[in-house]
Amino acid sequence: MKKILIPIDGSEYSERAMEKGRELAKVFDSSIVLLNVVYVPLPVYTYEGERGRNMMQLAENAQKQSEEMLKDAKEFFSDMAGKVEAVSAEGDIATVIIEYVKDNDIDFIIMGSHGLGAVMHRLLVGSVTTKVLHHVDQPVLVVK
């Protein structure tokens, strides 16, 4: 197990996943990739005028929050200097995680059983964790 992916969203479940990831990475001398996916549900470029500027501001704020979250998460792994990478990406959360796994030699995934997503969003499109479980070949540890 050389490379462990931990998708994070700032929830208590992703914090637990980071804790478990640190434990396993130390035992197996693995590197860790922290991935935060920024999801902006509507294409911001379709709005004009003030509404368009507001949507662009929302997208920029989401990106800044992602960067801050990843910075804090890297600090959590400060005892593993040089073995932790932080990645911010944009798009549908489950799709981005699945594509990242397939494109980046990930050996193992640790993720929280629940995230910060809205309840209605989860009901309509299914949970991110469920989608990842069904679309990757790598083992996935789901942390409650």
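The values are calculated or read from the model by the stated rules, or taken from the named source; none is laboratory data. Keep in mind it's a predicted model, so treat the numbers as computed, not measured. Note: ideal-geometry Cβ built from the backbone for every residue, glycine included; neighbour counts use all protein chains shown.
Any residue at all in the stretch 65-83 that's modelled with pLDDT under 85 and either within 16 Å of residue 11 (Cβ to Cβ) or not charged (D, E, K, R) (or both)?
No, there is no match, as no residue in the stretch 65-83 is modelled with pLDDT under 85 and either within 16 Å of residue 11 (Cβ to Cβ) or not charged (D, E, K, R) (or both).
Among the polar types (S, T, N, Q), modelled with pLDDT of 90 or more and in a helix (DSSP H, G or I): does that describe residue 95?
yes
Among what's in the stretch 20-31 and is of a type outside the set (A, V, I, L, M, F, W, C) and without any contact (Cβ under 8 Å) to a residue 60 or more places away in the chain, pick the residue that is surrounded by the most Cβ atoms within 10 Å (Cβ to Cβ).
Across the stretch 20-31, the extreme among qualifying residues is 22.
Could you list, in sequence order, all residues of the stretch 52-82 that are closer than 15 Å to residue 33 by Cβ and surrounded by 16 or more Cβ atoms within 10 Å (Cβ to Cβ)?
Of everything in the stretch 52-82, those that are closer than 15 Å to residue 33 by Cβ and surrounded by 16 or more Cβ atoms within 10 Å (Cβ to Cβ) turn out to be 66, 69, 70, 73, 74, 76, 77, 80.
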